[in-house]
1. On a 23 Å Cα-Cα criterion, which of the cross-link pairs LYS85/LYS154; LYS87/LYS172; LYS172/LYS273; LYS172/LYS346; LYS154/LYS273; LYS154/LYS371 come out too long?
2. Any aspartates and glutamates with Cα under 20 Å of the LYS372 Cα? List them, leaving off those in the same chain fewer than 8 positions away.
3. Tell me the mean residue ellipticity at 222 nm calculated for the chain from its helices only (DSSP H runs of n ≥ 4, each -39500 (n - 2.57), averaged over every residue, nearest 500).
4. So how far apart, in nm, are the two label points at GLU176 and ARG224 if each is 7 Å from Cα heading toward Cβ?
5. Taking just the alpha carbons, could you work out the radius of gyration and Dmax for segment 279-358, both in angstroms?
6. So for the chain, taking the charge dipole from beta-carbon charges (+1 Lys/Arg, -1 Asp/Glu), which of PHE6, VAL67, ILE263 sits furthest toward the positive end?
7. Along the charge dipole of segment 279-358, which of GLY337, LEU300, SER315 sits closest to the positive end, that is, farthest toward it, with unit charges on the beta carbon of Lys, Arg, Asp and Glu (+1, +1, -1, -1)?
8. Per 10 Å bin from zero, what fraction in whole % of the C-alpha pairs of the chain is there, up to the bin with the longest pair?
Amino acid sequence: MHENEFVPGSEEELSSLLARFSRDGRPVLPVGGGSHLHVGVTPDPCWARVSLASMTGLVFHEAQDLVASFRAGTRLDEVQEVLGKRKQRLPLDPAHGPSTLGGCLGVDHSGILSHRFGTLRDLVLGMTVVLADGRIIRVGGRVVKNVAGYDLSKIMIGSLGTLGMMTEVIVKVVPEAETEAMFVRGFEDISEAWETALRINGDQLEPSSLFVAGAEAARAVCAREVPGKAFVFMGATGVTAFVSGHERHLNQDHAGTGRWVRIEAEEARDVTKRLPPFFSQGSPLSIRFGCRTGLLGEALSRFGQDSGWVVQPGSGTGWLRLVSYDLLSDLRSWLEGNGGYAVVWKGPENLRTEEIWGTSRDDVNVMRSLKKALDPRRILSPGRFVGGI
């Protein structure tokens, strides 16, 4: 256990602990599995680390309504194991081994499966949160259309634990698919790969994932040898006829002079499992970025020579590995100048706030007001988030 670590066993214990730290003005670092501490400004080692390691497990699972609730310290792989017993799953990309549900929510961990199923903000129905002063609040509910009141759960997602500590999360789940496959095609020209992905995105298909990857990223996540400099990946899940229909459509309308390679179930799932580690391990700097989809083609032309990248045409977001911080400046300047963003997902320790998050947007003052209202003494991860929040 870490020297300054505290492991409450219940909401009541956590409430008492945070209330005491708030009175004392002692900074707190909320911790799940500890696998995403590279996100945001480096925390001070002297802060109290409050872990949810003892607050784990299923609270309820209403399989007929496709709704389940877990304590926030539950590991993501354990969530999937529990749901799998009822032939269901949480449609969220795999994270690092020890990642917890609460930790994934704290950093807004969403990946390629968001193309079909949405991000965590779409999957979370409600949650229980312990605020900095010890108050326990419950927001949302068990039903999909429960939108009464201010949706505090949406604000908590991606806040790096600066607004409160989640203890229970209610999520939408989906049935396990009868068939699952990933289709990949290599291209010698990055622009051709991007244009193909845009056409697929505009078709009447329902892929579970759709992304374009540079050669380095593609070969790291795909065990197959597929020639090319840029690669289009499309996933499909559902009944066998549904998946086969997607394959026929790709080969009839989007094959050109190449061919689509089919990757079956377990190997297809491995692709999604390997993406998060590729961008958080083995590279000194990884960037999470986004802009309007119509501008992503130009963005690719600017960094396409670097092959450690993945871009999603459906959301206009992507990830990029760089060898040094100096290479980020031009890319960030261009993205921000066109209404986009580039934030450091993983980088050297002790980067300053603006180096990690870039130029603060106009809405940062709204975010500061929320911080002041929910954590007036600024004890929860102070300064780790955008704008020094």
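Derivation of every value follows stated rules applied to the coordinates shown; laboratory data play no part. Predicted model, so just to flag it, every value in this text is computed and none were measured. Backbone-built Cβ (ideal geometry, glycine too); neighbour counts: all protein chains shown.
1. LYS85/LYS154; LYS172/LYS346; LYS154/LYS273
2. Straight-line reach from LYS372, under 20 Å: ASP24, ASP133, ASP151, ASP362, ASP363.
3. On the way: 14 runs with 129 residues, N = 389.
It lands at -9500 deg cm²/dmol.
4. 2.4 nm
5. 11.7, 35
6. Positive-end residue among those listed: PHE6.
7. After comparing all options, I get SER315.
8. 5, 23, 31, 26, 13, 3, 0
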